[in-house]
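The values are calculated or read from the model by the stated rules, or taken from the named source; none is laboratory data. If you're wondering where the values come from, they're calculated on a predicted model, not measured in any experiment. Here the Cβ positions follow ideal geometry from the backbone for every residue, glycine too, while neighbour counts run over all protein chains shown.
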Amino acid sequence: MAEALRAFFDEGETSGYGRLPVSRHETVEKDHGRIETRRALWLTNLSWMDAPLRERWSKLSGVGMLGRTRETKGKISRERAYFIGSKGVTCAEAFATAACRHWGIENSRHWVLDITFREDGCRVRKGHAPRNFSALRKFALALLRRDETYPKRSLRSRRKTADRNPGYRASLLGLG
C-alpha cells in the first residue's frame, strides 16, 4: 500500500491526477525565522487503485498526502507523509486538521516522556525490550501524574523522588 501511494502521488504531481477530484488545502506559517508551507491533498475516489489492493483494504474511504516545505536561513527542506482513512474525512482541510492534531498529541506526549525519562537516550534496541520499556514508562508516567503528595513538583522531580525514596514509590503503587 505504501509504495502504491508514493507512486500515485509522485505521478499525480508530475502529470496531474486526470479526472479524479482532488481536494487541496495549503497553509503558510511564518514564525521563528522560518517559513513553513504545508500542502494537503485528499482523494475519496479510489478508482485508480488496483482491484486486488482495493479488496484487501475494503474499509478504505480515502487517501492523502501531506507535503511540508521549510525555509530557514536560505536552506530549504522538504518532506512528505502519506495517509489512509477509513471514514469521516471528506476534504483536504479536514484531513490536514486531523493530521496536525494527531501529531500535536504525539509530539507533546513524546516530549513529556523524553523530559521525564530521557527516552531518546535509551539504548534498548533488541527484541521486545523497546516496546516493553515504552509500556513501563507510560505506566509510570500515569502513576506520577496521579500523585498528590507533591503536586507542585515536575514529573521529572517526582520520578527522581520515587527512584530514591522507597516509601514514596510504594505510595505511588498504592502499597504504602
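Here are some notes:
- Qualifying residue in segment 88-104 (condition: out of contact with any Leu (no Cβ under 7 Å at 6 or more places or on another chain), over 29 Å from residue 119 (Cα atoms) and basic (Lys, Arg)): no
- Residues in segment 74-123 that are over 21 Å from residue 40 (Cβ atoms) and among the hydroxyl-bearing types (Ser, Thr, Tyr) were compared, and the one that is modelled with the lowest pLDDT is 108.
- Selection within segment 109-130 - of a type in the set (A, V, I, L, M) and surrounded by 15 or more Cβ atoms within 10 Å (Cβ to Cβ): 112, 113
- The set of residues in segment 130-176 that are polar (S, T, N, Q) and either part of a helix (DSSP H, G or I) or within 20 Å of residue 120 (Cβ to Cβ) (or both) comprises 132, 134, 154, 157, 161, 171.
- Residue match in segment 96-108 (condition: surrounded by 11 or more Cβ atoms within 10 Å (Cβ to Cβ) and of a type in the set (D, E, K, R)): no
- Within segment 54-95, if we keep just the residues that are closer than 17 Å to residue 27 by Cα and among the basic types (Lys, Arg), the residue that is surrounded by the fewest Cβ atoms within 10 Å (Cβ to Cβ) turns out to be 78.
- Test: residue in segment 33-53 that is at pLDDT 90 or above, exposed (fewer than 10 other Cβ atoms within 10 Å of the Cβ) and more than 16 Å from residue 1 (Cα to Cα): no
- Whichever residue in segment 22-45 is in contact with a Ser or Thr (Cβ under 8 Å, 6 or more places away or on another chain) and in a loop (DSSP other than H, G, I, E, B) and, among such residues, is farthest from residue 64 (Cα to Cα): 33
- Residue that is at pLDDT below 90 and over 24 Å from residue 90 (Cβ atoms), where the choices are 3, 71: 3
- Contact map, segment 140-166: first residue within 17 Å of residue 112 (Cβ to Cβ), second residue aliphatic (A, V, I, L, M) and assigned to a loop (DSSP other than H, G, I, E, B), Cβ cut-off under 9 Å, separation 6 or more or different chains; pairs are 143/173.
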